[in-house]
1. At His405 and Leu45, where each label point lies 7 Å from the Cα along Cα→Cβ, what is the point-to-point distance in nanometres?
2. In degrees from 0 to 90, rounded to the nearest 10, what is the angle of the helix 308-319 Cα long axis to the longest principal axis of the chain?
3. Using 0.36 nm times the number of residues separating Val140 and Leu120, minus their current alpha carbon distance, what extension gain do you get?
4. Which residue, Ala112, Pro159, Met316, has the largest displacement toward the positive end of the dipole of the chain when charges sit on each Cβ (Lys, Arg +1; Asp, Glu -1)?
5. Run the helix sum for the chain: -39,500 (n - 2.57) per DSSP H stretch of 4+ residues, divided by residue count, reported at 222 nm to the nearest 500 deg cm²/dmol.
6. For Thr189 and Leu77, compute 0.36 nm times the residue count separating them, minus their Cα-Cα distance, and round to one decimal in nm.
7. So what's the net charge close to Ser430: Lys and Arg +1, Asp and Glu -1, counting the other residues with Cβ under 11 Å from its Cβ?
8. Determine, for each peptide in 122-133, 397-408, 45-56, the mean count of other beta carbons within 10 angstrom over its residues, then list the peptides with the highest first.
Amino acid sequence: MSWSGITEPVLNLPLTTSAAAVVFTVAALVGLCVLAGRRRTRWLLVYLPLLGVIAVVTTVVAAVVIEQVWKPFPDSLPTTVYIWAGIAVLALALPVGRLFSRDHTRRHLVAACGLIAAWLVVTVAAAGQINAVYDAYPTVRAALGLSNYRTVPFDSLEPTDTVASADWIPPSDIPQTGVVTTTPIPGATSGFPARNANIYLPPAYFTDPRPELPVLVLLAGQPGSTDDWLVGGRLTQTMDAFAAEHSGLAPIVVLADGTGSQFANPLCVDSHLGNVATYLSVDVPAWVRSNLQVDTDPTAWAIGGLSYGGTCALQMATLRPDVYPTFLDLSGQAEPTLGDRTSTINEVFGGDEAAFDRIDPAYLLAHERFPDSAGAFVVGADDSEYRPGVEQLAASAKAAGMDVHLTELPGSHSFEVWSAGLEKELPWLSRRLGLTDQ
């Protein structure tokens with residue numbers, strides 16, 4: 001679909017700025033006033049308080065189910081998320097309640113349309129405020145699922161002659177941007193049922209001869225999908241901007257699946273939850289080397305991720321430094337977790353604490369040396385829950401002989417930090433992987 005003219009500015013409107021937050025708040029208040037506004041005493045004294053109680057109780061019950069029973073996330077959701085979810089529930093309850101005290105005459109058709117519009121306004125405003133917590137959809141375009149990057153079918157990629165990236169000379173007709181392609185990466189050895197991977201290929205990949213480029217395997221959080229880095233993570237914008245400054249050169253980025261589904265949490269280990277460790281350390285590298293023309297030297301390979309993905313990246317770096325001697329840990333957890341240490345050890349390792357220690361980066365960094373490994377830790381300055389663990393892991397990694405550095409960026413546990421973190425660390429990463437000299 002093509003968008004032009006006045007539509008483009010609308011699609012590119014930011015959703016996660018302070019101005020957007022004010023707009024959403026005002027819109028929600030106005031919408032609630034419209035939904036709640038009636039002059040009847042019974043409505044004001046009975047129905048309105050009752051509906052408010054119903055909204056609060058529904059939200060609290062949902063929170064208990066999510067946090068204590070279902071537990072789809074390793075960490076608790078922020079209170080802000082539940083507050084705005086409760087407002088959305090109230091917005092749904094108010095028009096339903098009005099049905100019990102309104103005469104069904106033709107003149108109420110316009111009023112009904114107004115209520116529907118008000119409900120939509122409040123719901124969209126609540127969704128916008130929840131989105132602002134994670135910065136997952138930075139613009140209207142992203143929220144509507146409209147991509148702003150080029151895509152090609154994977155089977156359209158043709159092999160060419162290759163040269164070492166240091167010997168490659170950019171041609172005059174090099175593309176201006178890279179592309180994204182989507183393809184399955186089977187779990188041939190692991191049997192892991194991975195979702196399709198997205199792969200970013202920089203402009204230099206579409207030249208003949210093409211340079212042998214380094215590879216970054218980049219993981220999403222939990223919950224998450226292989227699309228997350230393309231949307232909230234602004235991956236193509238970051239990579240294209242870097243390539244534009246380096247004659248079309250940039251790492252190939254493989255957005256691999258590290259969980260198997262949106263809400264699964266297999267801890268990035270081999271277990272009854274799925275053989276994720278083998279998938280990422282054996283299947284993905286083997287498939288990439290067989291199906292893409294890349295630099296096959298392990299020193300040209302890195303793994304990274306955000307939140308759960310950052311934890312997973314550090315796990316791979318400590319368990320398989322021969323495969324991934326370079327890593328990016330963006331707001332990773334202090335240790336792999338299903339919510340707490342006891343539950344994690346019991347549910348995944350059958351109560352065997354030693355088995356947990358064998359995959360725990362903190363334990364491995366305290367008991368082994370990694371003189372050939374290097375990594376970057378990134379965390380938000382306002383991320384009070386994750387920052388202490390990241391700081392401790394960075395110190396432990398340095399003590400274990402790794403060449404690491406820690407960067408704190410403005411923001412909390414959101415794509416505001418992760419997208420900026422990737423952009424900031426990309427020059428260092430490219431030097432580390434041998435792609436650039438500076």
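Here, each number is a calculation from the coordinates, and none is a lab measurement. Values in this document were obtained by computation on a predicted structure and should not be read as measured data. Reconstructed Cβ throughout: ideal geometry from the backbone, glycine too, with neighbour counts over all protein chains shown.
1. Going from the His405 label point to the Leu45 one covers 6.9 nm.
2. It works out to around 20 degrees.
3. 5.6 nm
4. So the residue furthest toward the plus end is Ala112.
5. For the chain, the value works out to -12500 deg cm²/dmol.
6. 36.8 nm
7. -1
8. Answer by packing, highest mean first, reads 122-133, 397-408, 45-56.
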